[in-house]
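Single-structure report; data block below.
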Amino acid sequence: FWTHDAFEGAETHGVPYLSGYYRPVLNAFFWLEYRWAGSHDALYHLTEVVLHGLNAFLVLLVVTGLTRARGAGLAAGILFAVHPINAFAASEPAAGGDVLFTAFYLAALLVFLRALDEDPEGRRVPVGALAVVSGLYAMSLLSKEMGVTLPAVLVLLVLLRHARDGGALARWRWTLPAWALLACYLVWRFVILGLHLNVMGYDAARGQLAVLLASLAPIAVQVARLVVPAGPGYPELDPGMIVIVGRGLADPLVWIALALLALLGATLVRWRREPELAFCAAFFVVTYSPLFRVDNIGGTLDTRVILTQERWAYLPAIALFAAVGIGLTRLARRGFHRRLAPWGAAVAVGVACLLAWEASVHAGKYGGPCGLLRRPYATPTQDPSR
């Protein structure tokens, strides 16, 4: 677990498989889980659902701490729990890394937030809290590489508290232990162990510019799935979630993604006026940024195809849920809850139930026409655009 590739010993049709991933905490978790669950499939699914429920509760606490509004945290937590984009990660052990690293990640944010709120002036360094944050960060990073962005988000929290409450900006130094831990991780993994990321061949086959443009398109796909959470039951094989490399600016998804990035940039410019929404925009960009390494995570047998797996948005999607919670809280403060009181609660419950039903349909459907999309990936001579 601790010195080898995450998939060390795995074989595909008799060929040894190396993933380029280093996830010892996740593998240790699976090792322990197997000794409890054995061959009982339901117990693995139950573990995944419980972890997802824990993450939803942590989202509630973190967003409440960010906004100091319980309503915003409650809305974000419920949306995170029932939204169909999280259905695969919430139910399938194959996505264990996504729920596990997020649990440690959110717990670290919560501890850091509490430390910021307890000492707004930054007069003393909260050694104990920072030690806990560093430990949780290590567990997150060793569960899945997506956890790498935590130190940058900690800096964003310091900026948020400074812009909103005038807290001491010098508290950015509290993030130094996390940055130091990241440096140690990089040396340990890439220098001492020599466990490098895989190269899928996208850049060499298609050119870096073409791959860069194609890597923007999944942003539009993920946001679309967040806003319109309906469609086929197998998210990783949804034909609407496949991006063909090489279309460049002729691909409308690229233009939509650029427009979304421009919108996020415009929100960041308003950091002092809208610090909470600016934080949400920055959080999405920072936590999504590892997914731009298409050549390391593309994962198909044909370099013309980029999959957009919904579970990859498990952490970045929290930004949208938090923004929705902030918007609802502001409407309530303006008295809209009194005007909508007779039927507003019923609509909210109805929307939550509808999303939960769609999520239950969305999770665990392995049959149907979407399953046939495995064939073009298994046979590269076929045209994946079909």
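The values are calculated or read from the model by the stated rules, or taken from the named source; none is laboratory data. Everything numeric here is computed off the predicted structure, so don't read it as measured data. Cβ coordinates were reconstructed from backbone atoms using ideal geometry, including for glycine residues, and neighbour counts include every protein chain displayed. Protein only, heavy atoms only, side chains kept; ligands, DNA and RNA dropped before computing areas. Shrake-Rupley method; radii C 1.70, N 1.55, O 1.52, S 1.80 Å.
Tell me, rounded to the nearest percent, the portion of alpha carbon pairs in the range 54-99 spaced more than 14 Å apart. Cα-Cα pairs in the range 54-99 separated by more than 14 Å: 49 percent.
What's the whole-number percent of alpha carbon pairs in the range 1-134 lying beyond 25 angstrom? Percentage above 25 Å: 42. Local charge for Ser140 was computed over the other residues whose Cβ lies under 14 Å away, with Lys and Arg +1 and Asp and Glu -1, and equals 0. Averaging Cα coordinates gives a centre for the range 73-118 and one for the range 304-332; these two points are 12 Å apart. Helices in the chain that qualify as membrane-span-like (whole DSSP H runs, Cα extent of at least 27 Å along the helix axis, mean Kyte-Doolittle hydropathy of 0.0 or higher) are 41-67, 96-118, 208-227, 336-362. Accessible surface computed residue by residue for the chain, with neighbouring protein chains in place and a 1.4 Å probe, gives 48 Å² per residue.
Normalised by 2.2 N^0.38 Å, where N is the number of residues, the C-alpha radius of gyration of the chain stands at 1.00. Along its first, second and third principal axes, ordered by size, the range 80-234 spans 52, 41, 33 Å in Cα coordinates. Counting 0.36 nm for each residue step from Ala332 to Val349 and taking away their Cα separation leaves a gain of 4.5 nm. Remark: relative contact order (the chain) = 22 percent; criterion is Cα-Cα distance under 8 angstrom and separation of 6 or more residues. Each Lys or Arg adds one and each Asp or Glu subtracts one; over the other residues with Cβ under 9 Å from the Cβ of Ala95, this totals -2.
The convex hull around the C-alpha trace of the range 1-47, projected and averaged over every direction, spans 3.9 square nanometres. Legend: calculated FRET efficiency, Tyr34 to Asp117, from the Cβ-Cβ distance at R0 = 45 Å, rounded to 0.05, equals 0.65.
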